[in-house]
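Report on one structure; see the data block that follows.
FYI, it's all coordinate maths here, none of it is from the lab. If you're wondering where the values come from, they're calculated on a predicted model, not measured in any experiment. Positions of Cβ are backbone-derived with ideal geometry, glycine not excepted, and every protein chain shown enters the neighbour counts.
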Amino acid sequence: MKIIIASNNAGKIREYKQMLAGAGFDEVLSLKEAGITCEPEETGATFEENAAIKARALYEMTGCSALADDSGLMVDALGGEPGVYSARWLGLDDYALKNAEIIRRLEGKTGKERSARFVCAIHFIYEDGTEITAKGVCEGLIGTEPRGENGFGYDPIFMYGDKSFAEIPAEDKNAVSHRGNALRELERKLNA
């Protein structure tokens, strides 16, 4: 069976290919590999809504199984920001600037006052139109400075234990990350 992933992120596509092979999908394609451009406006108020918007748009275009995700960082002291706006928060593309702004806004806060979580929602549509949603969360704290060279986005300021996500090897990060947790939840639902 064929499935198209609403992404061109190579790391994300690799993870999905590994997971979906066990669910009977022998052809797992990125948007680019499928020759598709699909960028619907993410107007949802939640990660689940945005993932569904992307998956449904892709499914309507292709008629084959489709998968999309939406994820982001939620900082408690910032009222859940950047949240569903993580990629476009403050109108900036530069994560170094966004990370610096989060650290600035949390100045003077310590311990649990710096609590945050990464959230990922995955929306999956079978070829027959059946829809499944899975969600994964990873709890942590916001660090006082960016650390590490691995990862991307908010990873350098998101502390999991005594290391930032940008300091943890990819395999270890995938074992605890929001996306990894959402993938495992989806895998359970697909195999149920």
Taking the stretch 90-128 as the region of interest, how many residues are surrounded by 13 or more Cβ atoms within 10 Å (Cβ to Cβ) and charged (D, E, K, R)?
7
Which residue out of Ala134, Ala170, Ala116 is small (Gly, Ala, Ser), within 21 Å of Thr43 (Cα to Cα) and touching a helix residue (DSSP H, G or I) at 6+ places or on another chain (Cβ under 8 Å)?
Ala134
Could you say which residue among Ala170, Ala116 is touching a Phe, Trp or Tyr at 6+ places or on another chain (Cβ under 8 Å) and among the aliphatic types (A, V, I, L, M)?
Ala116
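Of the residues that make up the stretch 126-133, is at least one more than 28 Å from Asp94 (Cβ to Cβ), outside any loop (DSSP other than H, G, I, E, B) and either touching a Cys at 6+ places or on another chain (Cβ under 7 Å) or charged (D, E, K, R) (or both)?
Yes, some residue in the stretch 126-133 is more than 28 Å from Asp94 (Cβ to Cβ), outside any loop (DSSP other than H, G, I, E, B) and either touching a Cys at 6+ places or on another chain (Cβ under 7 Å) or charged (D, E, K, R) (or both).
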Could you look through the stretch 142-170, keep only residues that are surrounded by fewer than 23 Cβ atoms within 10 Å (Cβ to Cβ) and part of a strand (DSSP E or B), and pick out the one that is farthest from the chain's Cα centre (by Cα)?
Lys163
In the stretch 27-45, the residues that are surrounded by 14 or more Cβ atoms within 10 Å (Cβ to Cβ), in a loop (DSSP other than H, G, I, E, B) and aliphatic (A, V, I, L, M):
Ile36
Looking at the stretch 109-124, is at least one residue farther than 20 Å from Ala166 by Cα, touching a Gly at 6+ places or on another chain (Cβ under 9 Å) and part of a strand (DSSP E or B)?
yes
Of the criteria (1) without any contact (Cβ under 8 Å) to a residue 24 or more places away in the chain; (2) touching a strand residue (DSSP E or B) at 6+ places or on another chain (Cβ under 6 Å), which one Gly161 fails:
(2)
Residues in the stretch 89-147 that are under 23 Å from Asp70 (Cβ atoms) and acidic (Asp, Glu): how many?
6
Taking the stretch 1-26 on its own, how many of its residues are surrounded by 15 or more Cβ atoms within 10 Å (Cβ to Cβ) and in a strand (DSSP E or B)?
3
